[in-house]
Every structure is written in structure tokens, then in C-alpha cells.
Amino acid sequence: MNDIDIRPVEVHERRQAADAFRAALISGPVSDEMMEAGQASWDDGDFLGAWDGDRCVGNLGAFRFDTTVPGGARLSTAGYSRVGVLPTHTRRGLLTRMMQRSLRESYERGQALASLRASESPIYGRFGYGLAGDFVSTHIVTAKARPLRGTRANGSMRLLRMDEVLDVVPPLYDRVARRWIGTIGRPTWMWKRYLKGATEPASVPFGKGEFVAVHSDAEGVDDGYVHYETSTVENFASPFTAAGTIHDLWGASDEVELALWQYLFDIDLITTWEASERPVNDPIRRALHDVRGYETRAIVDEQWVRLLDVDAALTARTYGPCPATVTIAVSDPLIEANNDRWAISGGGARRSADPADLVVDIATLSTVYMGGVAWRDIAASGLLAVAVDQRVLDLLDALFAVRPAGYCGTFF
């Protein structure tokens, strides 16, 4: 495959690159309308194409955004997407060449993290990614949800008009949602995609709608929102009912989020709610009148994270109180600067010459970095190369653990 040319995708090559990764993901060529609508996302990323002569046979892209890490810092992130190789050129090392080059270039651009949502989960561990967090898909029965048991924030609700949505929602998300570890900054092009249905008139005469409702506190300050979709359920000779789908639900506090849920459960006619992406330990489940009204339909891997700059990542996040310092040695075959030792305590992390209590590969460190996966669980799964003293694992869990566990809530 040495005759394959891997290079940055030029503007005039975007359509061929788009068709290549779409074919790899079992999709047909992009339409003129879709290509035009997606140009801003291509402008906002760093893309590599693989060329066999004049034919694009592979594509890989990294969007530019930031990720909230434990302690609240926001780290520059390469968000990998649109990754694919044509079936005529797979299993020849082409993806490896593209990914390794792109990861090095992202590191050189100063991005501390890489993140992706995997179409196939076995692929990315060999590049240093670790599964740092999951989400659940849920089904909620309204009749079993009411009355909610939790304490809800006082305030008021309003439905946004279509012309208000793009002005109100993005800054509100940035102000209230980023308290969650793992959330990312959403670029303008992403917001237009997310909110498209709430900013355009309905496409059918009756029975479907997409809405954004905002919660304001007692002083009139917006402190949360929910983006949802509704559709009628047509059953012959049965009462008129509807089902709802939740796309986004974020509040400045747990109490505000409960108030948003209360709003949803009080909407007439809607008997069920679906949400495709919710935190694994979703707070609303225990607040329901009947916890069995909340049904987990699937647990899905969400955040695949790869530390690009270990020093920047470890020193940016905070750590829990711990009676001792633990020194870890990191092994990274791709980025030489990451092959070092760090002493980690409740006060922070620093490079160290001290003997290592634990040697860990970059994928394992990436798995536990966000604080949602326990070191003890990694050891119990047999994923540490050597046996580790239980005391060391306990100390590491005290340092790294974050509650609630991280949750991104954004597909890219």
C-alpha cells in the first residue's frame, strides 16, 4: 500500500472523500443538498484522505472542540469522525497509517485529547483509545413516572419560537450543561444539525412536532432546557395518544433537571418517552414514583478517549483526597513525550523520577482518565499487564474517581 497517497483533503476533494467514508459505512453517495449543508463541518476539522491514483479510497477527520475533564477544565480535543476505508482497500494497514499520522499531527497542533464514537468497538484500542464512558437508551412510561419524588427547582417554563432557538440554546448549553464531566463544546454547524427540526416548520399536516422548552428560575434567569420530539400513536378504535423522544435535557443543577422532567411528564396525551442517550446512573430513575417505569433498553459504549499529551491531561484535571502519592509510568508507542513517569496526589500531578508503583499503557490510562471507570475494575478484567498491589489500586481509585460518572451526550 506504499503507492497510496495520504494527504490533507482539499476543498475540491471533499465530495470524493465524503463518498468514500459513506461507502465504508454502507451508505450511498452524498447529495448536493447534504454536501452543501455539511461544508461548515469540513471547515471546522482536519481531514486526511487516502488516494489510489485519482480515486479516494479512505477518509479520516478530526473536528476541533474541547472536553470538560474532572475539575472543570476544558481541554482542546480532536474529535474523530468520518473514518472509513473502501472495502476494496481494507485490511492492508491503510487505516493504521491514516490514524497514526493524524494522532501525531493533532498532538503537534496542541490538542491534549482525542475522542471518538466507534462504529466498531474492537478497532481503536490498538491506537491507544480506551472506553472511558457509556450511555443508556431508555423507555419511560409516563403513568409510572408521576408524581415525581425528588425536589424540583422553582421557576417557570416557556416554549421557544422557531426563530428563538438558535439564539437561546447554544449559550444556555454552554452555561449549564458543561458541569457534566465529558461534555464537549458544540460548534455552530453542530447546533444547526441538532436543532434543525426545532427551527423549521413541520413537514406533515398533523401529528408530529419538535420543540425546545426552557426553564427559568424565580428571577427570570434561564437555567435549563429540554429539546424533544412528539408523534401521535395511531391505534384503530383506541384513545388518541402520543409518544415523545428526548434529544437533549440539561440543567444548571439536579433540581432544575427534575423540573424539566416534570414538565415532560405533565404534557397531555404523551404516554411514553424514549431517550437514546442518557447517563448510565440516570438521576431521574430513582425520582420516579415507580422505578420500573424507567426501562433501560441498551447500554452502549459512548466515549472512546485517547490522551495525546499525557502531561497536559494529567496536570489539567483534579484528583480526590488521598493519604499518599502514587507514581505511574506510562507507555505510548506513538508519542514519545508520553513515555515518562508522573507522581499523582490529591494536590495534582507532576512529572517524576521516583520509582513507579504501576506501569500502564496509554489505552488503559485513557480509559480511567475521565474518572468513570475504576482502576479496580480494569485489574479485575485482567487488563493490567502485571499484578498490582491492592493498596495501589485503592489509592488510584481514590484519586481518579468522579461521581457522578462522566457523560457526553453528544454524537459527532
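Suppose we filter the range 355-371 for residues that are open to solvent by less than 30 Å² (accessible area, probe 1.4 Å), in contact with a strand residue (DSSP E or B) (Cβ under 8 Å, 6 or more places away or on another chain) and closer than 24 Å to T67 by Cα; how many remain?
10
Those residues that are surrounded by fewer than 16 Cβ atoms within 10 Å (Cβ to Cβ) and in contact (Cβ under 8 Å) with a residue 24 or more places away in the chain, I need them from the range 1-10; list them, please.
Of everything in the range 1-10, those that are surrounded by fewer than 16 Cβ atoms within 10 Å (Cβ to Cβ) and in contact (Cβ under 8 Å) with a residue 24 or more places away in the chain turn out to be M1, D3, D5, R7, P8.
Can you tell me how many residues in the range 11-37 are touching a residue at least 40 places away in the same chain (Cβ under 8 Å) and out of contact with any helix residue (DSSP H, G or I) (no Cβ under 9 Å at 6 or more places or on another chain)?
Looking only at that region, the number is 8.
If I filter the range 376-392 down to residues being among the aliphatic types (A, V, I, L, M) and within 26 Å of the chain's Cα centre (by Cα), which single residue comes out as surrounded by the fewest Cβ atoms within 10 Å (Cβ to Cβ)?
Result: A380.
Would you mention how many residues in the range 369-412 are part of a helix (DSSP H, G or I), among the hydrophobic types (A, V, I, L, M, F, W, C), out of contact with any Asp or Glu (no Cβ under 9 Å at 6 or more places or on another chain) and in contact (Cβ under 8 Å) with a residue 60 or more places away in the chain?
Number of matching residues: 3.
Search the range 24-34 for residues being hydrophobic (A, V, I, L, M, F, W, C) and within 24 Å of the chain's Cα centre (by Cα), and hand back the single one that is surrounded by the most Cβ atoms within 10 Å (Cβ to Cβ).
Out of the qualifying residues, it is A24.
Could you please find all residues in the range 301-313 being open to solvent by less than 40 Å² (accessible area, probe 1.4 Å) and either part of a helix (DSSP H, G or I) or modelled with pLDDT under 95 (or both)?
V310, A312, A313
For the condition on the phi < 0 side of the Ramachandran plot and either free of Cβ contacts under 8 Å to residues at least 24 places away in the same chain or in contact with a His (Cβ under 8 Å, 6 or more places away or on another chain) (or both), what is the one hit in D134, D52, D66, D44?
The conditions single out D52.
Residue by residue through the range 174-210, note down the ones that are among the aromatic types (F, W, Y), in contact with a Gly (Cβ under 9 Å, 6 or more places away or on another chain) and farther than 21 Å from W304 by Cα.
Passing the criteria: only W189.
Can you report the number of residues in the range 170-179 which are under 23 Å from Q262 (Cβ atoms) and open to solvent by 20 Å² or more (accessible area, probe 1.4 Å)?
2
Here is a yes/no grid of residues against (1) of a type in the set (S, T, N, Q); (2) modelled with pLDDT of 95 or more; (3) touching a helix residue (DSSP H, G or I) at 6+ places or on another chain (Cβ under 6 Å); (4) at positive phi:
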position	(1), (2), (3), (4)
A145	no, yes, yes, no
G150	no, no, yes, no
E164	no, yes, no, no
V169	no, yes, no, no
T183	yes, yes, yes, no
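What is the residue count in the range 35-54 for residues that are closer than 19 Å to F412 by Cα, assigned to a strand (DSSP E or B) and either among the hydrophobic types (A, V, I, L, M, F, W, C) or open to solvent by 20 Å² or more (accessible area, probe 1.4 Å) (or both)?
Looking only at that region, the number is 3.
Go through (1) in contact with a Lys or Arg (Cβ under 8 Å, 6 or more places away or on another chain); (2) in contact (Cβ under 8 Å) with a residue 60 or more places away in the chain; (3) not β-branched (V, I, T) and name the single condition A353 misses.
(2)
Counting only residues that are in contact with an Asp or Glu (Cβ under 7 Å, 6 or more places away or on another chain) and in a helix (DSSP H, G or I), which one in the range 331-368 is farthest from A405 (Cα to Cα)?
N338
Go through the range 266-296 residue by residue and tally those that are under 25 Å from the mean Cα position of the chain (by Cα), among the charged types (D, E, K, R) and farther than 18 Å from G244 by Cβ.
1
Please go through the range 314-330 and pick out each residue that is open to solvent by 30 Å² or more (accessible area, probe 1.4 Å) and touching an Asp or Glu at 6+ places or on another chain (Cβ under 9 Å).
Residue satisfying the conditions is T325 alone.
Please report, ordered by residue number, the strands (runs of 3 or more DSSP E) entirely within the range 182-300 with at least 1 residues that are small (G, A, S) and open to solvent by 30 Å² or more (accessible area, probe 1.4 Å).
222-233, 270-278
Sort out for me the strands (runs of 3 or more DSSP E) sitting completely within the range 55-169 that have 2 or more residues that are open to solvent by 40 Å² or more (accessible area, probe 1.4 Å) and more than 30 Å from Y294 (Cα to Cα).
Filter on the range 55-169 gives 55-68, 74-85.
The values are calculated or read from the model by the stated rules, or taken from the named source; none is laboratory data. As the structure is a prediction and not an experimental result, all values here were calculated from the model. Reconstructed Cβ throughout: ideal geometry from the backbone, glycine too, with neighbour counts over all protein chains shown. Heavy atoms of the whole protein, side chains included, go into the accessibility calculation; ligands, DNA and RNA do not. Shrake-Rupley method; radii C 1.70, N 1.55, O 1.52, S 1.80 Å.
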